[in-house]
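The values are calculated or read from the model by the stated rules, or taken from the named source; none is laboratory data. These numbers come from a predicted model, not from an experiment. Backbone-built Cβ (ideal geometry, glycine too); neighbour counts: all protein chains shown. Accessible surface is based on the protein model in full, side chains and every heavy atom, while ligands, DNA and RNA are left aside. Shrake-Rupley method; radii C 1.70, N 1.55, O 1.52, S 1.80 Å.
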Amino acid sequence: MSERIWRAEVALTVSFHDCDPMGVVWHGNYFRFFEVAREALLRSVNYSYGEMAASGFVWPVVDTRVKYRQPLRCEEAISVEASISEYENRLRIDYVIRNGAGQVTTKAHTLQVAVDAKSQEMQFVSPDILFERLGVKP
């Protein structure tokens, strides 16, 4: 695997609608934060979801893992970082959420696999278009 680092970071503010009655972010809403960072990351390598579809592949998320270390609260400023750590056979994106003080509150990752849009067959090796967009050789 290449030593290159593909990373994007987004700044967000926790909204009221993300929180439970105690003012703490409900655990399921973290996935929206991850999605915003993932979209920024994929746009940064010119392989947004629209570009994926145009290339003939869809990339469903097939696995997620989250470690909640500290709660996030209503109106808190946060940063969400997404980085690609695997790409040869699947796309693994790692996430780190930090609060306004820079403390790591959450770590997570998602796994996505390439699926041929026409045949609906899962690809066991990432398609050439991903390698091309990442600037690496298969």
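Values as computed for the structure displayed
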{"quantity": "Inter-centroid distance (Cα atoms) of the range 63-111 relative to the range 1-61, Å", "calculated": "9 Å"}
{"quantity": "Simple Cβ-charge dipole of the chain, Lys/Arg +1 and Asp/Glu -1, about Cα centre, in debye nearest 20", "calculated": "260 debye"}
{"quantity": "MRE, 222 nm, helices only [DSSP H, n ≥ 4, -39500 (n - 2.57), over the chain, to nearest 500]", "calculated": "-6000 deg cm²/dmol"}
{"quantity": "Residue-wise HN-Hα coupling along the range 32-42, computed from phi with Karplus coefficients 6.51, -1.76, 1.60 (Hz; x: Gly, Pro)", "calculated": "5, 4, 4, 4, 4, 5, 5, 4, 4, 4, 5"}
{"quantity": "Karplus-derived HN-Hα couplings along the range 131-138 (A = 6.51, B = -1.76, C = 1.60, θ = phi - 60°), whole Hz, x at Gly and Pro", "calculated": "4, 4, 5, 7, x, 10, 9, x"}
{"quantity": "In the range 96-138, the trypsin sites (Lys or Arg not before Pro) that fall in loop regions by DSSP, at most 12 other Cβ within 10 Å", "calculated": "Lys118"}
{"quantity": "In order through the range 109-119: 3J(HN,Hα) via Karplus (6.51 cos²θ - 1.76 cosθ + 1.60), integer Hz, x for Gly, Pro", "calculated": "8, 10, 10, 10, 10, 7, 10, 5, 5, 7, 7"}
{"quantity": "Projected label distance in nm at Tyr49 and Asp116, using a 7 Å step from Cα toward the beta-carbon", "calculated": "2.4 nm"}
{"quantity": "Residues whose placed amide H lies under 5 Å from that of Arg73, excluding near-sequence neighbours", "calculated": "Val25"}
{"quantity": "Label-point separation, Phe131 to Cys74 (7 Å along Cα→Cβ), nm", "calculated": "5.1 nm"}
{"quantity": "Accessible-area composition of the chain, carbon plus sulfur, in percent [1.4 Å probe]", "calculated": "52 percent"}
{"quantity": "Hydrodynamic radius by Kirkwood, which averages 1/r over all alpha carbon pairs of the chain, in angstrom", "calculated": "15.8 Å"}
{"quantity": "Solvent-accessible surface (1.4 angstrom probe) belonging to Asp63, in square angstrom, nearest 10", "calculated": "40 Å²"}
{"quantity": "Solvent exposure of the chain as accessible area per residue, Å², 1.4 Å probe", "calculated": "56 Å²"}
{"quantity": "Distant-in-sequence amide H partners of Phe57 (H built 1.01 Å from N, under 5 Å)", "calculated": "Ala117"}
{"quantity": "Amide hydrogen neighbours beyond the local backbone of Arg90, cut-off 5 Å, H modeled", "calculated": "Ser126"}
